[in-house]
Each structure stands twice: as structure tokens, then as C-alpha cells.
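**Q** Let me begin by handing over the structure; questions about it come next.
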Amino acid sequence: MILSVDNGSRYTDRLLDYLCTLNVNFETQQPPKVDTDKLHVYSSFILSGRRSNNNHTNRINSQIIHFAITHNRPLLGICYGAEMLALTMGGTIRRMQQPVYGDIQVQVTQNNPLCMHDISVFESHSYEISTIPPPLTSVGSSATCHNEIIRYGDTMVFGVQFHPEMSPDGLSLIEQFLVVEQF
């Protein structure tokens, strides 16, 4: 079963609706309800975007990221979830000069199991991942963000700066995550 963590993004309902249409076995919880002592019951994790910063939410998401990496469980961090992946591993984020909102092209810069070619996706954020330490690598970039897609080594732990739940190419990326997650 997948744990989809609802961090308060305005787009989370689209993500959950899509998971329902795919008949995916998932559970959704908000950070105050996540019991980090029971993460072992989940096969993988999806961390949504967020609306506001909250230390408790940050701590829960970071614990989930550590668990996924330590126990080799697939994880997909979306927007804030990707930023938390970078921060948890020792990277940095920064406020952008201007918020990014709308459709953008992401160039895939390294082979990866989520997307094999450039994709058109939807962005809505005012922070960006600015540095990533090894073993995180950037596998996709755009004109607005150098680290659009990040990956932890050669695992199935990924972060995407954009909102894949909001575009056809992004939905394909989610679907590919779910397909690969099952193996």
C-alpha cells in the first residue's frame, strides 16, 4: 500500500483522484496523523506540495524520507516534497526572484525510470532546490529551475519541483512511478 502524504497543496485532490482512477491501493494522511512508527506497513510514499511552512510537517516528511531511503522504499516528492528531499539530504532551497506558475518544458538530462524524454508539466512555486549533495543527482532541468527532477542514487526515490498531477505528461510520470514501484 502507498502512503500519500497530504501536506496541504491545493492540487492534492487532483493527485488523489488520479490514484483512485488507477485503482491504486493507497491511503492518504495529513502530517499530524502520520504515525512514523508504522511506516513499515507501506510499500512506497508520495509527498505532496504544501501551502504554508510548518516545522511539524517538515519533521514528519523528513522522517518519511529517511525511512524510504533506509528501507529502500520508492518515494515521489512533489514540489515541497522534492524540496524536503533535498533539505533532508543536506541540500538547500532558495526563494525565487519571481514565483513560477504555468506550463513549462523539462529537459530530461539523465536516463531514469520515470521519464525517458522531455516533458511538459505544470509549475506553481516560489522556492526552488538550489543545491543537492551526493548521492542526489539532477536528472531533469528547465529554463526556470536547474533541479526540476532529482534522484537519490539509482534508487526509486525521486523529487519533482513541478506538480505532475496537473498535466498529461506529469500524470504519465506518476503512472510510471507506480508501475516501477510494483517491481
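**Q** Considering only region 1-18, state which residues are under 19 Å from residue 82 (Cα atoms) and hydrophobic (A, V, I, L, M, F, W, C).
**A** Matches in region 1-18: 2, 3, 5, 15, 16.
**Q** Continuing with this model, one more query. Whether any residue in region 99-108 is surrounded by 22 or more Cβ atoms within 10 Å (Cβ to Cβ), at pLDDT 95 or above and under 16 Å from the mean Cα position of the chain (by Cα) is what I want to check.
**A** Taking every residue of region 99-108 in turn, at least one turns out to be surrounded by 22 or more Cβ atoms within 10 Å (Cβ to Cβ), at pLDDT 95 or above and under 16 Å from the mean Cα position of the chain (by Cα).
**Q** Considering only residues of region 138-166 that are over 20 Å from residue 180 (Cα atoms) and among the hydroxyl-bearing types (Ser, Thr, Tyr), which is surrounded by the fewest Cβ atoms within 10 Å (Cβ to Cβ)?
**A** 141
**Q** Please determine, by comparing only the residues of region 23-57 that are of a type in the set (A, V, I, L, M) and modelled with pLDDT of 95 or more, which one is surrounded by the fewest Cβ atoms within 10 Å (Cβ to Cβ).
**A** Applying the filter and picking the extreme gives 41.
**Q** Output the number of the condition that residue 113 fails; it satisfies all remaining conditions of (1) buried (at least 18 other Cβ atoms within 10 Å of the Cβ); (2) touching a helix residue (DSSP H, G or I) at 6+ places or on another chain (Cβ under 9 Å).
**A** Residue 113 satisfies every listed condition except (1).
**Q** Does residue 175 satisfy the condition of being open to solvent by 30 Å² or more (accessible area, probe 1.4 Å) and acidic (Asp, Glu)?
**A** Considered against the rule, which asks whether it is open to solvent by 30 Å² or more (accessible area, probe 1.4 Å) and acidic (Asp, Glu), residue 175 comes out as yes.
**Q** I've got another one for you. What are the pairs with Cβ atoms under 6 angstrom where one residue, in region 137-161, is charged (D, E, K, R) and the other, located anywhere, is part of a strand (DSSP E or B)? Sequence gap at least six, or different chains.
**A** Within 6 Å, the pairs are 148/106; 148/140; 148/141; 151/137; 151/139; 151/158.
**Q** Next question, about the same structure. Only one of (1) in contact with a Pro (Cβ under 8 Å, 6 or more places away or on another chain); (2) exposed (fewer than 12 other Cβ atoms within 10 Å of the Cβ) is not met by residue 5, so which one is it?
**A** Failing condition for residue 5: (2).
**Q** Could you give every pair whose Cβ atoms fall below 9 Å, whose first residue belongs to region 87-100 and is on the phi > 0 side of the Ramachandran plot, and whose second residue is hydroxyl-bearing (Ser, Thr, Tyr), counting only separations of at least 6 or pairs across chains?
**A** 90/131
**Q** Among the numbered conditions (1) within 24 Å of residue 58 (Cβ to Cβ); (2) assigned to a strand (DSSP E or B), tell me where residue 90 comes up short.
**A** Result: residue 90 passes all but (2).
**Q** Among the residues of region 119-128, count how many are open to solvent by 30 Å² or more (accessible area, probe 1.4 Å) and closer than 11 Å to residue 149 by Cβ.
**A** Final tally of qualifying residues: 0.
The values are calculated or read from the model by the stated rules, or taken from the named source; none is laboratory data. Keep in mind it's a predicted model, so treat the numbers as computed, not measured. Ideal geometry is used to build each Cβ from the backbone, glycine not excepted, and the neighbour counts take in all protein chains shown. Remember, those area values only see protein heavy atoms, side chains included, never the ligands or the DNA or RNA. Shrake-Rupley method; radii C 1.70, N 1.55, O 1.52, S 1.80 Å.
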